[in-house]
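For reference, the structure discussed in these notes is given below.
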Amino acid sequence: MHTCSWNLLSRPAFLGSLTPSSCNKVCSKASTSSRCFISKRHTRVIVGSLRTAGFPSPANNFKHERVERTLAIPAILTNDSSTMPNTEEDTENIGLFGVDPALESYKDHFRYRIKRYIEQKKLIETYEGSLEEFAQGYLKFGFNRENGYILYHEWAPAAQEAEVIGDFNGWDGSKHKMEKNQFGVWSIKIPDRDGNSAIPHNSRVKFRFKHGNGISVDRIPAWIKYATVEPGKFAAPYDGVYWDPPPSERYQFRFPRPPKPRSPRIYEAHVGMSSSEPRINSYREFADDVLPRIQANNYNTVQLMAVMEHSYYASFGYHVTNFFAASSRSGTPEDLKYLIDKAHSLGLRVLMDIVHSHASNNVTDGLNGFDVGQSSQDSYFHTGERGYHELWDSRLFNYANWEVLRFLLSNLRWWIEEFNFDGFRFDGVTSMLYHHHGFNSTFTGNYSEYFSESTDVDAVVYMMLANNLIHKILPDATVIAEDVSGMPGLCRSVSEGGIGFDYRLAMAIPDKWIDYLKNKKDEDWSMKEITGSLTNRRYTEKCIAYAESHDQAIVGDKTIAFFLMDKEMYLNMSCLTEASPVIERGIALHKMIHFITMALGGEGYLNFMGNEFGHPEWIDFPREGNGWSYEKCRRQWNLVDTDHLRYKFMNAFDSAMNLLDEKFPFLASSKPIVSSMDEEDKVIVFEHGDLVFVFNFHPENLYDGYKVGCDLPGKYRVALDSDAWEFGGPGRVGHDVDHFTTPEGIPGVPETNFNNRPNSIKVLSPPQTAVVYYRVEETLEESNHNKSTSFSESNTAILVEDQGNLEKLASADKSAKFSESSTTNMVDNKERELASADKSARFSESSTTNMVDNKERELASADKSASTTNMVDNKEKELASADKSASFSESSTTNMVDNKEKEFTSSESDDVGSVEVEGLGLKATRDEQSDDD
């Protein structure tokens, strides 16, 4: 076993990384099975040259001198009640060990990173006042308007001379020379002219400095709040813009932040490519045209990509050049504020795709321009190989540097407080967590892969500080990590010793779907493998599940819809012609793949813009290789808006999926219980929350009377059905059929139950169809004298009271043929229709016969499996039907016939081709319904 002694005296604590001085080169390349221990020989850290950029708090009486501190400092984590250990000996109370005792084997690693976090936070509080104050660097750095002047600060230790230039001084900085303090911070005070700002609002500015070799370079200020490029000029450099609009032009937020949802249903969006036209869309157009679509599909969160300024559009926003500037391609900072405020008015929270894992390699426009070969402690980035990401061609931050911490933490607070973002999705977290950045690493789940010298503790400490800060200034924030490694503790609180994220992206799921679509025939799909991929996560840490995101749609790959239907999407998506087998299969599986991913894959759900309706083809940003075309860099909303195209079916199902979680919040419920993964039948059955999910992936087999295990006894009905007409299916499942449970085995003895479930129901399961069942609350039904409509028919779980909906919604043909009991109840008296007059008293678990005293009554019970008991009292003449299969699947109406004391619901007609409801004058045939729909 290879070990290293951590020499804590090797360099200043917040100037460089606290890496092992004796094995610096080894740590980045060491085997993942190696472990690195903290040496107990060094119990003190000496911090030299505290470079706090010249902004110490006067109350701290800060002096530029060597400071000696011990490692045994107070716990200063997220709150006063933190249970974090505060001495080297007291490490047994780390909360993570209680959640996962196996982590205790790596307590040396946790002890080290926790103490690094505590030390860093304590130093910030000592010399900056607090973490929250430290994260307000934008009030000190960059351009800030004071009373009668503009104050400009820039951290550039490598510069020998510096001046500010721009439109305001004719790009001649000779009269605006800057001064440098002992911490490498340059500053200048620019007085007003005639009572007005010397630098006009919306005018261009740059920072000019001369470095060691005597060459002067012009750079965009690091903390600039807006940057633009000269329109129409190819490959023109960006300019920093002084942004300080007058009150009349400054956007004022009008709407409060929506409350944090129980589970996020996230719509990932790129503003620039959101137009249906081949051009870059604006913030305001997105707000007015796209946000209503997102709300209509019942999402509760929008995640915006490519917000931070990036000079290269085709980078998808991930090569950031200006961290505090909103991308000028889509408008001004005020326009972005309008978008966020509009989202809040619609009840949508807004997350930002934040990129702190790396920075653009662009020297002219970006932060990299400040790196002129100086040492790492005087730069935003590491030097040498550690400061460069090979695959991304980008620069890597030195997270142990004091000014880098100020810059990045302030960046988070800036977007929250200035723009009212509700949280972040951190990009590239895997790259941050490990010195190897995940290169050639297949994370198997072995804990030694996560906790060794390969772990970048500097980055871990930064993310702990970041999550602490975010939840301090915005307790209801949602923070998501893009991590493929599955590091334990990533999504546990900082107070427990975790890194503090709320969710991680379940990144293995889309890879599994792409593998299946590329390499497996339908009959070769493994139910156990699919289920295993969807449920392979740490249930003490929340995940955001997704079937596909922007990653799966970029050029060289395809969307799921395009994998399924390919060129057929160009020819056979019209409802005016019969769907081809490819289209039928494609739409069916598109719905199933997204739905089972949502229902089984995590505690939240994400969809990328356009995939909800099966957007075809791929994404290709304008570039030299495609003639700088925007043709594939847009969203074709016309496809889903055209009523005779089948895209509307996938879109409607996406909306119903989200609404199902809104009405029956299964995503926020406890761990799902999978009761069946039948490889022969190709059926997966599971319970999540109060719902029972049945997914039949078989390409051909329809199962009538399919036995499904469930927990609670009672009556179940369809909540959502992917086979329904309005979702492009043939509508084979009856939605007002009552499915009554049968007890299975001995209560409390799982091995005697059916698939370890104490009860069961029998259902109809068509091929390549997903059906969800909910348990009917009897008292609710009795009090309303109406049946609950199914989600698949009305997209809502409320009771339908408008009888005028009957003609549109009746679907008796399928429910009469495919009910679980298929009984026919005949009543001679035309004033009587057989009904379940008393649900709770008349459907018992025993198998007794139906008794009818009156000669004028005939009641047939065709199915013994229902085993119902309908007791008919001759005196009150209450007749009940054991089967609801002929009740209208979309209207769930109740016909009231007979005396004041009698209530009867419609029973099925023995004519499967039509259904008549006496008293309403309605007769709906299959053909008529098809035409109407």
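Key figures
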{"item": "Inter-residue pairs, beta-carbon under 6 Å, first closer than 18 Å to Ile499 by Cα and in the stretch 434-446, second surrounded by fewer than 18 Cβ atoms within 10 Å (Cβ to Cβ), 6+ apart", "result": "His435/Ser28"}
{"item": "Near pairs, Cβ below 6 angstrom, 6+ apart or cross-chain, from the stretch 725-742 (within 16 Å of Asp654 (Cβ to Cβ)) to any residue that is part of a loop (DSSP other than H, G, I, E, B)", "result": "Gly728/Arg646; Gly729/Asp723"}
{"item": "Tabulated pairs, the stretch 293-306, first aromatic (Phe, Trp, Tyr), second part of a loop (DSSP other than H, G, I, E, B), C-beta under 8 angstrom, 6+ apart or interchain", "result": "Tyr299/Leu348"}
{"item": "Number of positions in the stretch 282-322 that are touching a strand residue (DSSP E or B) at 6+ places or on another chain (Cβ under 9 Å) and either open to solvent by less than 40 Å² (accessible area, probe 1.4 Å) or at positive phi (or both)", "result": "27"}
{"item": "Qualifying residue in the stretch 415-426 (condition: more than 24 Å from Phe134 (Cα to Cα) and not hydroxyl-bearing (Ser, Thr, Tyr))", "result": "no"}
{"item": "Considering residues of the stretch 496-545 that are of a type in the set (Ser, Thr, Tyr) and outside any loop (DSSP other than H, G, I, E, B) only, the residue farthest from Arg113 (Cα to Cα)", "result": "Tyr516"}
{"item": "Odd one out for Phe451, checked against (1) within 20 Å of Ile220 (Cβ to Cβ); (2) touching a Pro at 6+ places or on another chain (Cβ under 9 Å)", "result": "(1)"}
{"item": "Test: residue in the stretch 334-351 that is modelled with pLDDT of 95 or more, more than 15 Å from Val229 (Cβ to Cβ), open to solvent by 10 Å² or more (accessible area, probe 1.4 Å) and of a type in the set (Ser, Thr, Tyr)", "result": "yes"}
{"item": "Matching residues, the stretch 534-572, being hydroxyl-bearing (Ser, Thr, Tyr) and either within 28 Å of Tyr318 (Cα to Cα) or open to solvent by 70 Å² or more (accessible area, probe 1.4 Å) (or both)", "result": "Tyr539, Tyr546, Ser549, Thr559, Tyr570"}
{"item": "Qualifying residue in the stretch 566-579 (condition: at pLDDT 95 or above and within 30 Å of Pro261 (Cα to Cα))", "result": "no"}
{"item": "Enumeration of residues in the stretch 453-476 that are in a loop (DSSP other than H, G, I, E, B) and either open to solvent by 10 Å² or more (accessible area, probe 1.4 Å) or in contact with a Phe, Trp or Tyr (Cβ under 8 Å, 6 or more places away or on another chain) (or both)", "result": "Ser454, Asp456, Leu474, Pro475, Asp476"}
{"item": "Evaluation of Asp511 against (1) in contact with a helix residue (DSSP H, G or I) (Cβ under 7 Å, 6 or more places away or on another chain); (2) closer than 27 Å to Asp620 by Cα; (3) of a type outside the set (A, V, I, L, M, F, W, C) (one fails), failing number", "result": "(1)"}
{"item": "Test for Thr430: is it out of contact with any strand residue (DSSP E or B) (no Cβ under 7 Å at 6 or more places or on another chain), part of a helix (DSSP H, G or I) and of a type in the set (Val, Ile, Thr)", "result": "yes"}
{"item": "So Gly586, is it of a type outside the set (Lys, Arg) and under 22 Å from the mean Cα position of the chain (by Cα)", "result": "no"}
{"item": "Tally of residues being open to solvent by 50 Å² or more (accessible area, probe 1.4 Å) and in a strand (DSSP E or B) across the stretch 679-706", "result": "1"}
{"item": "Meets criteria (assigned to a loop (DSSP other than H, G, I, E, B), at positive phi and modelled with pLDDT of 95 or more) for Gly748", "result": "no"}
{"item": "Exclusive hit being within 15 Å of Val320 (Cα to Cα) and either surrounded by 13 or more Cβ atoms within 10 Å (Cβ to Cβ) or over 37 Å from the mean Cα position of the chain (by Cα) (or both), set Trp223, Trp243", "result": "Trp223"}
{"item": "Selected residue [of a type in the set (D, E, K, R), closer than 24 Å to Val582 by Cβ and in a loop (DSSP other than H, G, I, E, B)] from Asp643, Asp654", "result": "Asp643"}
{"item": "Near pairs, Cβ below 6 angstrom, 6+ apart or cross-chain, from the stretch 767-779 (free of Cβ contacts under 8 Å to residues at least 12 places away in the same chain) to any residue that is surrounded by fewer than 18 Cβ atoms within 10 Å (Cβ to Cβ)", "result": "none"}
{"item": "Residue ID - most open to solvent (accessible area, probe 1.4 Å), chosen from residues in the stretch 162-183 that are touching a strand residue (DSSP E or B) at 6+ places or on another chain (Cβ under 6 Å) and in a loop (DSSP other than H, G, I, E, B)", "result": "Trp171"}
{"item": "Some residue of the stretch 259-271 being within 26 Å of Leu412 (Cβ to Cβ), in contact with an Asp or Glu (Cβ under 8 Å, 6 or more places away or on another chain), open to solvent by 50 Å² or more (accessible area, probe 1.4 Å) and not small (Gly, Ala, Ser)", "result": "yes"}
{"item": "Top-ranked residue in the stretch 184-220 [being in contact with a helix residue (DSSP H, G or I) (Cβ under 8 Å, 6 or more places away or on another chain), open to solvent by 50 Å² or more (accessible area, probe 1.4 Å) and not in a loop (DSSP other than H, G, I, E, B); ranked as nearest to Tyr149 (Cα to Cα)]", "result": "Arg204"}
{"item": "Matching option when the condition is closer than 20 Å to Arg537 by Cβ and out of contact with any Asp or Glu (no Cβ under 6 Å at 6 or more places or on another chain), among Ser431, Ser441", "result": "Ser441"}
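The values are calculated or read from the model by the stated rules, or taken from the named source; none is laboratory data. Being a predicted model, the structure only gives us computed values, none of them experimental. When we count neighbours, we look across all protein chains shown, and the Cβ atoms used for this are built from the backbone with ideal geometry, even at glycine. Keep in mind that these areas ignore ligands, DNA and RNA; they rest on the heavy atoms of the full protein, side chains included. Shrake-Rupley method; radii C 1.70, N 1.55, O 1.52, S 1.80 Å.
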